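A.B. asks: Below you will find the structure I want to go over with you.
Throughout, read-outs are computed from the coordinates displayed, never taken from laboratory work. Note that the structure is a prediction, hence the values are computed from the model and not measured. Here Cβ is always computed from backbone atoms with ideal geometry, including for glycine, and neighbour counts include all displayed protein chains.
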Amino acid sequence: MHSSFRWYGSSDRVPLAWLRQMTPQPLVVTHLAHIAPGEEWPVADLLALRAMLDAHGLRLGPVESVFWTDDMKLGRPGRERHIENYRRTLRNLRKVFPEREELVVTYNIMPLDWGRTDLGRLHANGARSLAYDHAELEKIDLSQGLFLPGWGRRYSGEEFAALQGEYAALGEDGLWANIGHVLEAIVPVAEQLDIRLAAHPNDPPWPYLGLPALLCGAEGIRRLLALYPSRSNALCFCTGSLGADPANDVIAMIREFSESIAWMHIRTVKTTGPKRFHEADHADPEANVDLLAVVQTLLKVGWDGVFRSDHGLDMLYETETGTNGYPAIDRYVANKLLWGYAQALRRAGVAAAPAAVAD
């Protein structure tokens, strides 16, 4: 298993120099944040990204994310232009990073993005984390507009009401049909380029604010994969997103979908009430997902891909270097913990077949 680390570009408070110091040295998970969703990622900008990575002796990992636009999801008139730009972006990525045997490009089909109601929930030990409380979310006066952590834009009251109306008129089956249309247009290009398109599940794994949620468990994942059966139609499997619903058997899902998992987000949460949870320590034995069992299951099924610890706790007075719930210290500690799990399990003979643990 190969570790990776989410980096938000040159504006990230966690510099590439820190990633270079980490053991095992992680692949860099990033994207071109200055390019608007739906626009082509230019070769020149990708070359600039490559130059920054090369200067620190670092390598590109999964791309997170090349976003699907509202036009693509809703089937608006601008859809075909955005699809063509998406295909061009895939070609440009392969042109600039030709040495990677297989590239991974993440996306999501959530109407918005991951949602939380608190960026800094205070834990008993003084650490802070992201948290979600559905009851609090339902109290929001949507007529005043909306902006929640994880979203890339702010909606006015009128804009959000219009978005809700569009999704309601489309319906769940209509949304699935639009997703199928986009996959039919971009998966063949991804196949030609040895790129795996990795869909991230809904976070949280249920509908909220009157918007649909399709990838909340095994049923939705099966439907997505059936739309275009291909190695290039794959998953970014997030144990924390899926594990927020106690009804999801995360271990069973890893076994079922192992061949479709392009890469892993490994984290856990702790449920504190109905549709109420917060991010938990990766080593917390009382959290929803047993991450040692996750690593053990991955090794048993012979999975040897890229993972990254996700989110994490803001601790040791690190608030000033955090980015939307992505502190450096705990993510690095968690990466090392998960890598250590894999090392110990391999030495105990758990892995399906011998494989290198680190790059």
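A.B. asks: Of the GluC sites (Glu not before Pro) in segment 276-348, which ones lie in a loop per DSSP and count no more than 10 other C-beta atoms within 10 Å?
C.D. replies: Those that pass, being in a loop and sparsely packed, are 286.
A.B. asks: Under the rule of -39500 (n - 2.57) per DSSP H run of 4 or more residues, summed and divided by the residues of the chain, what mean residue ellipticity at 222 nm is obtained, to the nearest 500 deg cm²/dmol? The partial results should precede the final answer.
C.D. replies: Numbers: 11 runs with 137 residues, N = 359.
Computed mean residue ellipticity for the chain: -12000 deg cm²/dmol.
A.B. asks: While we're on this one: Exposed loop sites here are trypsin sites (Lys or Arg not before Pro) in DSSP loop states with at most 13 other C-beta atoms within 10 Å. What is the longest stretch of the chain lacking them? Write down the numbers at each step before the final one.
C.D. replies: Working: sites that count: 139, 153, 154.
Formally, the longest exposed-site-free interval is 155-359.
A.B. asks: Output needed: percent of Cα pairs per 10 Å distance bin for segment 8-91, bins running from 0 to the one holding the longest distance.
C.D. replies: 16, 44, 25, 13, 2
A.B. asks: Would you mind computing Rg(Cα) / (2.2 N^0.38 Å) for segment 36-174, counting N as its residues? Let's see the in-between values first.
C.D. replies: On the way: Rg = 18.9 Å, N = 139, 2.2 N^0.38 = 14.3 Å.
Compactness ratio reported: 1.32.
A.B. asks: Can you list the lysines whose alpha carbon sits under 19 Å from that of residue 275, skipping same-chain ones fewer than 8 residues off?
C.D. replies: Cross-link targets: 139.
A.B. asks: Expressed as a whole number of Å, what is the distance separating the alpha-carbon centroids of segment 119-181 and segment 197-275?
C.D. replies: 18
A.B. asks: What is the chain by shape, rounded, prolate or oblate, if you read a ≥ b ≥ c off the alpha carbon gyration tensor as root eigenvalues and call it rounded for a/c under 1.5, prolate for a/b larger than b/c, and oblate otherwise? Before the final figure, lay out the partial values.
C.D. replies: Numbers: a/c = 1.33, a/b = 1.10, b/c = 1.20.
The shape class here is rounded.
A.B. asks: Return the percentage of antiparallel bridges among DSSP beta bridges fully within the chain, rounded to the nearest 5 %.
C.D. replies: Details: 13 of 38 bridges.
Bridges in the chain are about 35 percent antiparallel.
A.B. asks: Could you name the aspartates and glutamates whose alpha carbon sits less than 14 Å from that of residue 95, not counting residues in the same chain fewer than 8 places away?
C.D. replies: List returned: 40, 45, 194.
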